[in-house]
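Visitor: Encoded as structure tokens, here's the structure I'll be asking about.
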Amino acid sequence: MKKKKYLAAGAFLCAVSGLLCACGNTRPDLHSRIQVGVACYNQSDTFISELTDCFKEQLGLLENQGMTATVILKDAAGSQRTQDDQVKELIDEGCNVLCVNLVDRTDPSEIIDLARDHEVPIIFFNREPVAEDLMQWSGLYYVGADAEQSGVMQGELAADVIKADSRIDKDGDGKIQYVVLEGEAGHQDAIIRTEKVADTLKSQGIQLEKLSYGVANWNRAQAENRMTQMIGQHQNRIELVLANNDDMALGAIDAYTKLNITQSTFPVFFGIDGTEEGLKAVVDSKMAGTVYNDKEGQAEAMAKLAAALVSGEGMDEIPFEDEKFIYLPYEKITKDNAESFLDGRQEMTDGRKTQ
């Protein structure tokens, strides 16, 4: 499994953990020392937190290539203005490459102008800018995944489960009554995931009736509130819950649990991302499935690209699409393989502890 290759690298991490500190105030040799400024839209997002942890670990491995890396992480807490200011701070503190997880994917202009003026390249990640914005300057790149693929895979997972268990259609009307928990109003991944999962279910011959939806901003607590409202409106009619990420699927489960609804009458729940808690929920049969968003692969791609941009070497070895984009594929997670992903994560953790 491709995750194992990444996890085997965990043994090297502790030796370089001291390097992962704030950027200095002066620029060292740019060809041997990478000073990375990471600007996140919201570090409370579980997937983003896990991805940035993986990225720090991948940067540490660059010591084996004769390079050293320092990193400083900024959390915009959902404010684009705050993030614009934070990017300026990162540049002023001497960072020679930026990794930016945009708050507002449609409003990167100030960040791009700052970076271009100081000739500091940007690797945007997870929240993809509008394509035209990435064409503003040669020093702009994107690392992420194909949102359409995640929606299709979630739909395929749900279709397989529904076809295998007629009890999911609790009222026996030949239709699956469902609700959707959407990640964020206007966010491209949320829009595409929501559209594609429904289209895929229909293409698989599943008759659907959409009862409601709620925007929960990728957040477990907000999803619990939205789900509680939808349960109040539709009672036991809900047979399927499709969430744009694992945290919201888990929030929906929380709502049913706290309302003391009999578990045998729960709908089936599906998420996206394959976070640690999401994987555990699949193992425990609380979630029927999720779609793994390859944070290890994305972190590795970001680290390799950052090293190439600073050193000037290795750009021709990076698998770009249209010279700007790196996309990592999703993977389907069911109870059959979720344990292996969790085991891999534990191996990485144990490897660090024994060093």
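The values are calculated or read from the model by the stated rules, or taken from the named source; none is laboratory data. Note that the structure is predicted; figures quoted are calculated from it, not measured. As a convention, Cβ positions derive from the backbone with ideal geometry for all residues, glycine included, and neighbour counts pool all protein chains shown. What goes into the accessible areas is simple: the full protein's heavy atoms, side chains included, and nothing from ligands, DNA or RNA. Shrake-Rupley method; radii C 1.70, N 1.55, O 1.52, S 1.80 Å.
Visitor: Solvent-accessible area per residue for the chain at a 1.4 Å probe radius, Å²?
Guide: So the chain comes to 42 Å² accessible per residue, rounded to a whole number.
Visitor: Here is the link list: Lys304/Lys335; Lys163/Lys295; Lys163/Lys335; Lys202/Lys335. Which ones come out longer than 21 Å on Cα distance? Walk me through the intermediate numbers first.
Guide: Values: Lys304/Lys335 33 Å; Lys163/Lys295 31 Å; Lys163/Lys335 16 Å; Lys202/Lys335 24 Å.
Checking Cα-Cα distances, Lys304/Lys335; Lys163/Lys295; Lys202/Lys335 exceed 21 Å.
Visitor: Calculated FRET efficiency, Lys210 and Asp146, Cβ-Cβ r, R0 22 Å, to nearest 0.05? Display every interim value, and only then the final one.
Guide: On the way: r = 24 Å, r/R0 = 1.09.
Approximately 0.35, to the nearest 0.05.
Visitor: Still on this model: Hey, in the GNM for the chain with a 10 angstrom Cα cutoff, which one of Glu57, Glu182, Glu110 fluctuates hardest?
Guide: Maximum among the listed residues: Glu110.
Visitor: Okay, moving on. Give me the extension gain from Glu63 to Asp336: residue separation times 0.36 nm, minus the current Cα-Cα distance, reported in nm with one decimal.
Guide: Result: 94.6 nm gained on full extension.
Visitor: Can you work out the FRET efficiency for the pair Gln136 and Arg167, with r the C-beta to C-beta distance and R0 = 51 Å, to the nearest 0.05?
Guide: Here the calculated transfer efficiency is 0.45.
Visitor: Now for a separate question. Trypsin sites (Lys or Arg not before Pro), restricted to segment 134-178: which are DSSP loop and have at most 13 other Cβ atoms within 10 Å?
Guide: Details: sites: Lys163, Arg167, Lys170, Lys175; in loops: Lys170, Lys175.
Within segment 134-178, the qualifying trypsin sites (Lys or Arg not before Pro) (loop, at most 13 other Cβ atoms within 10 Å) are Lys175.
Visitor: Taking only C-alpha pairs under 8 Å that are 6+ residues apart, what is the relative contact order of the chain in percent?
Guide: So the answer I get is 19 percent.
Visitor: Within the P(r) computed for segment 60-214, what percentage of the Cα pairs occupies the region above 20 Å?
Guide: Result for the distance tail: 61 percent.
Visitor: Further question on the same structure: Report the semi-axes of the equivalent ellipsoid for the chain in whole Å, largest first, where each axis is √(5λ) for an eigenvalue λ of the Cα gyration tensor.
Guide: Numbers: eigenvalues 297, 93, 60 Å².
So the three semi-axes of the chain are 39, 22, 17 Å.
Visitor: Something else: Please compute the length gained on full extension between Leu259 and Glu323, using 0.36 nm multiplied by the number of residues separating them and subtracting their Cα-Cα distance.
Guide: Between Leu259 and Glu323, full extension yields an extra 17.9 nm.
Visitor: So which aspartates and glutamates can Lys258 reach, going by Cα to Cα under 19 Å and dropping same-chain residues fewer than 8 places off?
Guide: By straight Cα distance, Lys258 reaches Glu224, Glu239, Asp246, Asp247, Glu277, Asp284.
Visitor: In addition: May I ask for the percentage of alpha-carbon pairs in segment 234-292 that lie more than 13 Å from each other?
Guide: Value for segment 234-292: 55 percent of Cα pairs lie more than 13 Å apart.
Visitor: Compute the Rg/Rh shape ratio of segment 178-242: radius of gyration over Kirkwood radius, all on alpha-carbon atoms. Before the final figure, lay out each step's value.
Guide: Numbers: Rg = 12.0 Å, Rh = 12.3 Å.
Using only Cα positions, Rg/Rh for segment 178-242 is 0.97.
Visitor: Right, another one. Binning at 10 Å from 0, report for segment 264-349 what percent of all alpha-carbon pair distances ends up in each bin.
Guide: 16, 37, 23, 18, 5, 1
Visitor: Another one. Please report, for the Cα atoms of segment 92-178, the Rg to one decimal and the Dmax as a whole number; what are they, in angstrom?
Guide: 21.1, 63
Visitor: Right, next: Separation between the Arg81 and Arg116 pseudo-spin-labels, each 7 Å from Cα along Cα→Cβ, expressed in nm?
Guide: 2.4
Visitor: For His118, His187, write out the residues from largest to smallest accessible area, computed with a 1.4 angstrom probe and no ligands counted.
Guide: His118, His187
Visitor: What do you get for Rg/Rh of segment 173-307 when both radii come from the Cα atoms and Rh is the Kirkwood radius?
Guide: The Rg/Rh ratio comes out at 1.01.
Visitor: Among DSSP bridges having both ends in the chain, what percentage is antiparallel? Round to the nearest 5.
Guide: Approximately 10 percent, going by the DSSP bridge assignments.
Visitor: Now for a different question. Report, in deg cm²/dmol and to the nearest 500, the calculated mean residue ellipticity at 222 nm for the chain, where each DSSP H run with n ≥ 4 adds -39500 (n - 2.57) and the sum is divided by the residue count.
Guide: Value at 222 nm, helices only, nearest 500: -14000 deg cm²/dmol.
Visitor: With a 1.4 Å probe and every protein chain kept in, tell me what percent of the accessible surface of segment 41-162 is carbon plus sulfur.
Guide: Looking at segment 41-162 in its full context, I get 42 percent from C and S.
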